[in-house]
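Here's the structure, in structure tokens; my notes come after.
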Amino acid sequence: MTTEPFQLSDHDRALLPTDDDVQFYQEHGWYLSKKLLTDDEVDTLVEASERFYAGHRDRTLPVRPPRLAYWEPEKGDVHRHNDYIFYEDDTIRSILSKPLIGAVAARIAETSQIRLWNSTLIYKPPRPEDEGNIVPWHFDRHYWQTCTSDEMLTAFIPFHDCDEEMGTITMVDGSHRWKEIGGNDATTKHFAERDRSELDEMLEENAAFNNETVRKVPVVIPKGHISFHHCRTYHGSGLNRSDRPRRAVSFHLQDRTNQWRPFEISTGERVVYNNDVLVRKDANGNPDYQDPDFCPVLWQEQA
């Protein structure tokens, strides 16, 4: 594998997180980047997403995973989620493959390599009356129990200025450092499969267990900037009260150390993440989270 694609220009290097930024991420569990995407790149993401919603695909998944989030037109004007957008759309893939994004993630996560884990195209319509547009409190690590790493992270990439009125992502500051009371079988389910009040209660119980106050920080994201958060940071988002849709990609990332592990719920049933039915198998017949088709390397430090 060549490292040639992972070169950064002097301009790119000036956009990397500083030592203070890295410390902030490690302490708070989230980080708002400098401007990593140009206005033209962001506008191209909007155009590509509209083509996608109209039916364009550069390729489609070879099989449909068991818990795939996949909006289709017959579902109407609702909160849309489309997993594996990086795989299905080449225009979006080309922009999100920008080495600078992976380099920023690697720096704050203190890893020498970043691989894709998954990617979801999101569209939150301007419908303040529809509580289905609320994303309840959760953290991503709960859904990634087949992963060995506790240092995975997510980049939230809006396609415009994104503020509280639009229902921007909101972090529970420092919650990635909390000790968890203890998970149960339900925590492996996506937030869309769970009751919002139950998730609210889980957050409050874990804060109390850690003698912490729930400090909610809405991240106001200017166009071209990206919000990163740790896989154990509680986060959510509110209603879109603006007059336009909130468009974004949720870009989930692996650090170098991550690999598959077996994980069972109380019934003895093994948890299967969507990637597990798509990626190639390793030498032991287990899912390979280094599969170049679904988990490509996005950034790697030069030797």
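The values are calculated or read from the model by the stated rules, or taken from the named source; none is laboratory data. This is a predicted model, so every value here is computed, not measured. Counting neighbours? That spans all protein chains shown, and the Cβs are built from the backbone with ideal geometry, glycine included. Accessible surface areas use protein heavy atoms only, side chains included; no ligands, DNA or RNA. Shrake-Rupley method; radii C 1.70, N 1.55, O 1.52, S 1.80 Å.
Of all residues in the range 173-209, those that are of a type in the set (Ser, Thr, Tyr), open to solvent by 60 Å² or more (accessible area, probe 1.4 Å) and either under 21 Å from Gly29 (Cβ atoms) or modelled with pLDDT of 90 or more (or both) total 0. Looking across the range 238-266 at every residue that is closer than 23 Å to Asp150 by Cα and of a type in the set (Ser, Thr, Tyr), the one that is surrounded by the fewest Cβ atoms within 10 Å (Cβ to Cβ) is identified as Ser266.
Within the group Asp89, Asp19, which residue is over 23 Å from Cys162 (Cβ atoms) and out of contact with any His (no Cβ under 6 Å at 6 or more places or on another chain)? Exactly one residue qualifies, and that residue is Asp19. Looking at (1) at pLDDT 95 or above; (2) closer than 25 Å to Ile265 by Cβ; (3) in contact with a Leu (Cβ under 9 Å, 6 or more places away or on another chain), can you tell me which one Pro136 breaks? If we test Pro136 against (1) at pLDDT 95 or above; (2) closer than 25 Å to Ile265 by Cβ; (3) in contact with a Leu (Cβ under 9 Å, 6 or more places away or on another chain), just (1) comes out false. Tell me which of these Asn118 doesn't satisfy, since it passes every other one: (1) farther than 15 Å from Phe251 by Cα; (2) of a type in the set (S, T, N, Q); (3) buried (at least 17 other Cβ atoms within 10 Å of the Cβ). For Asn118, the exception is condition (1). When the range 107-158 is filtered for residues that are of a type in the set (Lys, Arg) and under 17 Å from Val172 (Cα atoms), only Arg141 remains.
Residues in the range 126-165 that are part of a helix (DSSP H, G or I) and touching a helix residue (DSSP H, G or I) at 6+ places or on another chain (Cβ under 7 Å): His142, Tyr143. Say whether the condition of being surrounded by fewer than 21 Cβ atoms within 10 Å (Cβ to Cβ) and in a loop (DSSP other than H, G, I, E, B) is met by at least one residue in the range 82-94. No, the range 82-94 contains no residue that is surrounded by fewer than 21 Cβ atoms within 10 Å (Cβ to Cβ) and in a loop (DSSP other than H, G, I, E, B).
Annotation: of all residues in the range 105-115 being out of contact with any Phe, Trp or Tyr (no Cβ under 7 Å at 6 or more places or on another chain) and in a helix (DSSP H, G or I), the one that is least open to solvent (accessible area, probe 1.4 Å) is Ala109.
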